[in-house]
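Heads up: the structure comes next, in structure tokens.
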Amino acid sequence: MRTYAYGYPRLGRKREYKTLIEGFWAGKIPEAELIAGLEALEAERLETYRRFVDGFPAGEMSLYDPMLDTALILGLYPNGGRLEDYFALARGERALELTKWFNTNYHYLVPEIPFFGGEPPAFRLAWNKPLEAFRKAPDGFPYVIGPYTFLRLSKGYPPEAFGALLRALLPAYAELFRSLKAAGAAMIHVDEPAWAMDVPPEHVTLLREAYAVLGREADLLVFTYYDSVDFLEQLYDLPLRGLGLDLRHGEENLEAIRRSGFPADKILIAGVVDGRNVWKTDLQEAARRIEALRQWTSAEIWISNAGPLYHLPVTVEAENRLDAALRERIAFAAERLMELRLLKGLMTGEGAEEARRWNTFVHPVDRWHRPEVRERVSQLRPEDFSRGLPYAERIRLQRERLPLPLFPTTTIGSFPQTEDLRRARTAYRAGKLSEAEYRAIIRERIQHVIRIQEELGLDVLVHGEFERSDMVEFFAERLEGFAFTQHGWILSYGTRVYRPPILYGDVSRPRPMTVEEIAYAQSLTDKPVKGMLTGPVTMLAWSFVREDIPVREVAFQVALAIQDEVRDLETAGIRVIQIDEPAFRERAPLKRRRWPEYFDWAVKAFRLASRARPETQIHTHMCYSEFNEIIEYIDALDADVISIEATRSRGEVIGAFERHRYERQIGPGVYDVHSPAVPAPESMEAIIERAVRVIPVENVWVNPDCGLKTRRWEEVIPALRNMVWTAQHLRERYRTAVPTP
């Protein structure tokens, strides 16, 4: 029995990946030093694999995103070998659209495939990155994103062109696989997570045709994860060397094998160790699953993780400030590799005692449960999920209370967090700065940002969120039931990292979390200042969540805590409250048949959290989601205003509202905050013009795509100045389009 692992984080224990690349962007690190540093980091990653498991991929390291790498491998974009050209596609004016990778918080760059005159592009093997990686690590299996996943996650072509495009990809993939086999690769690791999506029958036929060809070029190990494969039995006769299956989040995979077996001539790579959550694996239960597989098939079985490990921090090893009972019960990426080794020992009888010791820490602790929290959830009634008045009546009250102009302007919440501010926060947390000193710094920043927003002419202001490190972490630190790591960073996109909290117990709010800062900001201006909160679905999606009670109950616990904050903000005189839910679409199951169950509790959780007075205007923000697919559920949230990402998609998201009658207010983002480029008024106006074709002008807001925390002031000021000018210009053009009340 062999062990195989994949997706080990490229970030590094000390975030070396982030430091190197951002240093290069800032001109502080030369290209040679960047390349040498990344090679050293990759060597460390590979050595970690070698220490724990029998097999692993070579070539997972990327300068920004593996989907962008694949587009360059296939010749979709010019690749002159210059890093400036590469990063221009990632974060420059030509940057590709950014969206969520399946139902995770990792974002990938979306390749755009031209399809002019009904002809597919001339794909070719333009960059043999997998071969370069394999030559440096010949004991690994070259890593490749498969053709179906690459095409399914790309954009720019009509659905009916899918078959032609997939066939057009095959020669380049075939050449790639042949080159790897000729170089001595025993097997090739091919990622096809899109096989776990809803795959239409015609796509099954197409991918079978594709792998009937590609499987003859080399020995392929094809990996799927995040859910089950609905057509698993139809893969059995393909010339594949092995299949990697998620047996943690894809229970139906296990049932399919029990029902139909698994071909003896293939390797079954059994994903039994969770790659997405941090709770230690019950090794005894995992061993029982593997034993069951042995009863159902005579195929060779490898033990593996059930999805890439980059959704986890690097190691628990340095987390010495966590509560001991919690620390003993969690496993990050390095510990997952240890679990694979322990599980192999348990199965072979060579390490049963060590595995049993590990298994003593897989159950929650009684003191993490709070009966009063569970009682509050159990007492919820249908009316607790309603605002009381329909939107049409609420908006009349809100417009009386908030006399805003046409095309009101606002931002999403955060403003630049400079290095000196981060140093102050670090010093405060280390006890080197008193609470009074830290609060004085935060108040000075709030004063500054209120003054800037008033000078720019924004209509609804924000306090800047200078006291917040992360939109989830900040609130989790102030709620009972969450724990926090020191070094538990994971990549969100590019070099952007965050530290997911660990939601381990029953959740409640012991005291107000944001009222002091928001109320202070409001005291500085006559314009409305938004209260800024993070919604319950995003709190769950960007945390590691307990698994001992239903997720629905966890969501309602968090929602009630947020509702308590909403009530306190209202009491403090705050008239506008934004409850961000950027993960609303992200957390939806891959299978549409499971959407009703998920969206039922997700919508109810938001409505519970946002149960404000009718005259309080509730905003929500979402970004990088496929709005076309979920517009009816967004409508069901019953928010008064929604702001959405629209810049990188060139306003395409507005198409969702062309097909669905949406009566509430919308702010399509006009400023891509993930690029240092300052957008011109013309580009902003084009997005709003697209919006007003389908949305009444009185319902359109003007705002950036997302928060401004990662941008520099010298970028933000001119961009917002252009945004305000655009809104004012639009008011002049459309001022007669709205009748006077």
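Of Met338, Met513, which has the most accessible area and how do the rest follow, probe 1.4 Å? Before the final figure, lay out the partial values.
Details: Met338 45, Met513 15 Å².
Final ranking, largest accessible area leading: Met338, Met513.
Taking 0.36 nm per residue of sequence separation and subtracting the Cα-Cα distance, how much length would be gained by fully extending the chain between Gln234 and Glu615, in nm to one decimal?
Values: separation 381, 0.36 × 381 = 137.16 nm, distance 5.64 nm.
Value of the extension gain: 131.5 nm.
Based on the alpha-carbon gyration tensor of region 36-136 and its eigenvalue square roots a ≥ b ≥ c, which shape applies: rounded if a/c is under 1.5, prolate if not and a/b is larger than b/c, or oblate?
Details: a/c = 1.88, a/b = 1.71, b/c = 1.10.
Prolate.
Please go through region 392-445 and write out the trypsin sites (Lys or Arg not before Pro) that DSSP classes as loop and that have at most 16 other C-beta atoms within 10 Å. Intermediate values should be presented prior to the final figure.
Working: sites: Arg394, Arg396, Arg399, Arg401, Arg422, Arg423, Arg425, Arg429, Lys432, Arg439, Arg443, Arg445; in loops: Lys432.
Listed in order of number, the matching sites are Lys432.
Taking one equal scatterer on every alpha-carbon of region 593-715, how large is log10 of I(q)/I(0) by Debye at q = 0.18 1/Å?
Taking Cα atoms of region 593-715 as identical point scatterers yields -0.99.
Leaving out ligands, DNA and RNA but keeping every protein chain, what accessible area does Leu46 have, in Å² rounded to the nearest 10, with a 1.4 Å probe?
For Leu46, solvent-accessible area is about 10 Å².
Can you compute the FRET efficiency between Arg731 and Glu455 using 1/(1 + (r/R0)^6), with r the Cβ-Cβ distance and R0 = 30 Å? Round to the nearest 0.05. Don't skip to the answer; put the middle values down first.
Numbers: r = 19 Å, r/R0 = 0.62.
Efficiency for this residue pair is about 0.95.
How many percent of the alpha carbon pairs in region 132-219 exceed a separation of 16 Å?
Working: 2057 of 3828 pairs.
Result: 54 percent of Cα pairs exceed 16 Å.
Ignoring ligands, DNA and RNA, what percent of the accessible area of region 254-405 is carbon or sulfur (1.4 Å)?
On the way: 3460 of 7060 Å².
Carbon plus sulfur share of accessible area: 49 percent.
Once you have a ≥ b ≥ c as the square roots of the Cα gyration tensor eigenvalues for region 481-563, tell me rounded if a/c is under 1.5, and otherwise prolate or oblate according to whether a/b is larger than b/c.
Values: a/c = 2.36, a/b = 1.43, b/c = 1.65.
Because a/c hits 1.5 or more and a/b fails to exceed b/c, region 481-563 counts as oblate.
Over region 508-638, how many percent of alpha carbon pairs lie in each 10 Å bin up to the one with the longest distance?
Bins of 10 Å from zero give 12, 43, 31, 12, 2 percent of pairs.
Pull out a ≥ b ≥ c, the square roots of the eigenvalues of the alpha-carbon gyration tensor of the chain, then state rounded if a/c is under 1.5, prolate if not and a/b is larger than b/c, and oblate in the remaining case.
Working: a/c = 1.66, a/b = 1.39, b/c = 1.20.
It is prolate, given that a/c is not under 1.5 and a/b is the larger ratio.
Where does helix 31-52 land angle-wise versus the long Cα axis of the chain, in degrees 0 to 90, nearest 10?
With rounding to tens, the tilt is 60 degrees.
Using only the alpha-carbon atoms, how far is helix 681-692 inclined from the longest principal axis of the chain? Give it as 0 to 90 degrees, nearest 10.
Here the helix axis deviates by roughly 90 degrees.
So for the chain, taking the charge dipole from beta-carbon charges (+1 Lys/Arg, -1 Asp/Glu), which of Thr297, Pro681, Ala424 sits furthest toward the positive end?
Ala424
Using a 1.4 Å probe and counting only protein heavy atoms, arrange Trp601, Trp279, Trp296 so the residue with the most accessible area comes first.
Details: Trp601 15, Trp279 45, Trp296 80 Å².
So the residues, ranked largest to smallest area, are Trp296, Trp279, Trp601.
How large is the direction-averaged shadow of the alpha-carbon convex hull of region 10-65, in nm²?
Numbers: hull surface 15.8 nm².
Orientation-averaged projected area of the Cα hull: 3.9 nm².
Are there trypsin sites (Lys or Arg not before Pro) in region 154-255 that DSSP marks as loop and that have at most 15 other Cβ atoms within 10 Å, and which are they?
Values: sites: Lys155, Arg167, Arg178, Lys181, Arg208, Arg216, Arg241, Arg248; in loops: Arg216, Arg241, Arg248.
Here the sparse-neighbourhood loop sites are Arg216.
How many Å² of accessible area per residue for the chain, probe 1.4 Å?
On the way: 28010 Å² over 741 residues.
On a per-residue basis, the chain sits at 38 Å².
Using Cα centres only, tell me the gap between region 244-294 and region 671-740 in whole Å.
50
Okay, which of region 283-314 sit inside 13 Å, backbone N to the point 7 Å along the Cα-Cβ direction of Asp54?
Counting backbone N atoms under 13 Å from the label point, the list is 300-304.
For Glu645, Glu419, what's the largest-to-smallest order of accessible area, 1.4 Å probe? All intermediate terms of the calculation are to be shown ahead of the outcome.
Details: Glu645 5, Glu419 105 Å².
The most accessible residue leads, giving Glu419, Glu645.
Treating only the Cβ atoms of Lys and Arg (+1) and Asp and Glu (-1) as charged, compute the dipole magnitude of the chain about its Cα centre; round to the nearest 20 debye.
Values: 98 positive and 109 negative charges, 119 e Å.
It works out to roughly 560 debye.
Before rounding to the nearest 500, sum -39500 (n - 2.57) across all DSSP H runs of length at least 4 in the chain and divide by the residue total; then give [θ] at 222 nm in deg cm²/dmol. Write out the running numbers ahead of the final one.
Details: 26 runs with 305 residues, N = 741.
Taken over the chain, the calculation gives -12500 deg cm²/dmol.
If you average the alpha carbon positions of region 157-172 and of region 361-417, how far apart do those two centres end up, in angstrom?
44
Evaluate the distance, in nm, between pseudo-label points positioned 7 Å from the Cα of Arg552 and of Arg439 along their respective Cα→Cβ axes.
My value for the distance between the label points is 4.3 nm.
Could you work out what % of the accessible surface of region 55-194 is carbon and sulfur, using a 1.4 angstrom probe and leaving DNA, RNA and ligands out of the count? The partial results should precede the final answer.
Values: 2590 of 4840 Å².
With neighbouring chains kept in place, the figure for region 55-194 is 54 percent.
May I ask what percent, to the nearest 5, of DSSP beta bridges between residues of region 462-586 are antiparallel? Write down the numbers at each step before the final one.
Values: 6 of 13 bridges.
So the antiparallel bridges amount to about 45 percent of the total.
Roughly how much of Lys18 is accessible, in Å² to the nearest 10, using a 1.4 Å probe?
The value for Lys18 is about 40 Å².
So what's the Cα pair-distance distribution over region 402-521, bin width 5 Å, in %?
2, 9, 16, 19, 20, 16, 10, 5, 2, 0
In Å and from the alpha-carbon atoms only, list the Rg and Dmax of region 258-330.
When restricted to Cα atoms, region 258-330 yields Rg and Dmax of 15.7, 49 Å.
Do you know the relative contact order of the chain, to the nearest whole percent, from alpha carbon pairs under 8 angstrom that are 6+ apart?
On the way: 1399 pairs, mean separation 90.4, N = 741.
This gives 12 percent for the chain.
To test your reading of the geometry: what angle, between 0 and 90 degrees and rounded to tens, separates the Cα axis of helix 713-734 from the longest principal axis of the chain?
60
Using a 1.4 Å probe and ignoring any ligands, DNA or RNA, find the accessible area of Arg585 and quote it in Å² to the nearest 10.
Surface accessible to solvent at Arg585 totals approximately 50 Å².
If you roll a 1.4 angstrom probe over the protein chains with everything in place, what fraction of the accessible area of region 465-507 belongs to carbon and sulfur, to the nearest %?
Details: 430 of 1010 Å².
C and S fraction of accessible area: 43 percent.
The values are calculated or read from the model by the stated rules, or taken from the named source; none is laboratory data. Predicted, not measured: the structure shown is a model, and the values here were computed from it. Ideal geometry is used to build each Cβ from the backbone, glycine not excepted, and the neighbour counts take in all protein chains shown. Heads up: the accessible areas ignore ligands, DNA and RNA and are worked out on the full protein's heavy atoms, side chains in. Shrake-Rupley method; radii C 1.70, N 1.55, O 1.52, S 1.80 Å.
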